[in-house]
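The structure appears right after this line, and notes come after that.
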Amino acid sequence: MVIVMREDCRKKQVGEVLAAIRRRGLKPRMISATSRVVIGIVEDLAGSLVEELRSLILQMDGVESIGTFGASWKLVSRSFRNERTTIRVGSSLIGGPDPVVMAGPCAVESREGIMEIAQAVKEAGAAVLRGGAFKPRTSPYSFRGLGEEGLEHMAEASRMTGLPIVTEVLTPEDVPLVARYADILQIGARNMQNFALLEAVGDTDKPALIKRGLMATVKELLLSAEYILARGNSRVMFCERGIRTFETETRNTLDISAVPLLKQHSHLPVIVDPSHAVGKRELVSAVALAAIAAGADGLMVEVHTNPDKAFSDGRQSLTPEAFHAIMRHVPAVAAAVATAYNGGAQ
Ligand code: PEP
Ligand code: MN
């Protein structure tokens with residue numbers, strides 16, 4: 001429910017509406033408090049309560065109209081917040097005018113390895129270092145990451161390069177540990193609907209990057225982000241990383257339309273991971289630039305100094321040189337489309 005107050009309403013009248021909502025055990029949210037006060041109630045309400053609240057509030061002084069969110073996602077929606085959300089991480093502004101590129105290995109494999117890759121991606125122009133310490137693997141016998149030792153190596157690489165870090169957290173129990181090291185908490189595709197994990201991340205004050213599940217719709221992705229915002233953490237970004245289709249030549253199929261679609265429905269930034277989308281390093285460059293052209297706020301790219309020896313995802317990992325080549329084209333593509341979507345989904 002969305003309550004729009006009259007432009008000339010008084011503070012006391014707003015207070016009375018808020019109190020009436022609270023008296024029913026509900027939590028009113030201030031959607032806008034500037035030119036015109038707009039109050040939201042995001043909880044799903046029984047039909048009878050909606051009717052009762054509607055008739056009560058409509059006759060209160062200072063109230064102009066009452067509407068609905070129009071979708072089951074609310075806090076992530078553009079009806080809740082029309083301006084785009086920006087998230088400051090280190091010296092970068094995710095969701096701001098320039099795309100933010102996150103790069104690094106699939107997994108942290110050793111102290112020396114991550115230091116070398118961190119230096120290389122920094123030199124190529126990456127703004128955030130990626131690297132998994134807790135790895136979700138299809139087989140329990142595959143390399144599953146160095147755990148806390150990996151986080152320590154990431155932290156050291158971050159101190160050396162000045163790059164903030166994004167790293168995956170697999171379980172709700174690990175959230176406090178990973179949050180001590182990470183600048184951005186990554187929720188992996190396989191965990192997109194791990195609601196306990198989403199809530200645990202929502203209870204932190206760390207920015208979160210939520211990857212689209214392999215079989216998840218855009219609507220489900222929006223609702224997963226809603227879980228995090230509903231707990232009070234609104235610094236969330238989406239990551240489109242390809243979905244499973246009948247095509248087997250690529251690892252997944254990048255849903256490029258998810259970029260403008262997510263931006264149409266939500267104020268949150270959208271990142272694209274071309275590496276997991278295509279699974280083949282020779283395809284990463286074209287797809288990365290296509291994502292920027294579609295209006296993505298940034299990229300997450302896997303880079304390894306020796307991809308053929310990588311413990312995981314070597315086939316899709318770029319050498320630092322190949323990554324640098326993409327980075328040289330990102331600003332030009334971003335500039336070419338900077339004004340292209342005005343008035344549209346952007
Ligand atoms: C990763 O980023 O290395 C990863 C495991 O990604 P996803 O969750 O998208 O498969
Ligand atoms: Mn990977």
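Worth a mention:
- Kirkwood-based Rg to Rh ratio, the range 18-100, C-alpha trace: 1.08
- Accessible surface of the chain [probe 1.4 Å, protein heavy atoms]: carbon and sulfur percent: 51
- Candidates VAL108, VAL37, VAL166, ranked by Gaussian network fluctuation over the chain, Cα under 10 Å, top entry: VAL37
- Translational diffusion of the chain, µm² s⁻¹ [Kirkwood Rh, Cα pairs; Stokes-Einstein; 10 °C; 1.306 mPa s]: 75
- Mean separation of Cα contacts under 8 Å (6+ apart) over length of the range 113-176, as relative contact order %: 42
- Taking each of LYS211/LYS280; LYS263/LYS309; LYS206/LYS263 in turn, the alpha-carbon distance tops 28 angstrom for LYS263/LYS309.
- Ranking PRO207, MET237, ILE57 by how far each Cα lies toward the positive end of the dipole of the chain (charges on Cβ) leaves ILE57 at the top.
- The alpha carbon radius of gyration of the range 12-152, expressed as a multiple of 2.2 N^0.38 Å, is 1.66.
- Relative to the 2.2 N^0.38 Å rule of thumb, the range 186-255 has a C-alpha radius of gyration ratio of 1.13.
- Within the same chain, aspartates and glutamates fewer than 8 places from LYS11 are excluded, and of the rest, those with a Cα less than 14 Å from its Cα are ASP61.
- For the range 239-323, the Kirkwood hydrodynamic radius from C-alpha pairs, put into Stokes-Einstein at 10 °C and a viscosity of 1.306 mPa s, yields a diffusion coefficient of 122 µm² per second.
- Accessible surface area normalised per residue over the chain is 44 Å², counting heavy atoms of protein chains with a 1.4 Å rolling probe.
The values are calculated or read from the model by the stated rules, or taken from the named source; none is laboratory data. Since the model is a prediction, treat every value here as computed from it, not as a measurement. Glycine also receives a Cβ, built like all others from the backbone with ideal geometry; neighbour counts cover every protein chain displayed. Protein only, heavy atoms only, side chains kept; ligands, DNA and RNA dropped before computing areas. Shrake-Rupley method; radii C 1.70, N 1.55, O 1.52, S 1.80 Å.
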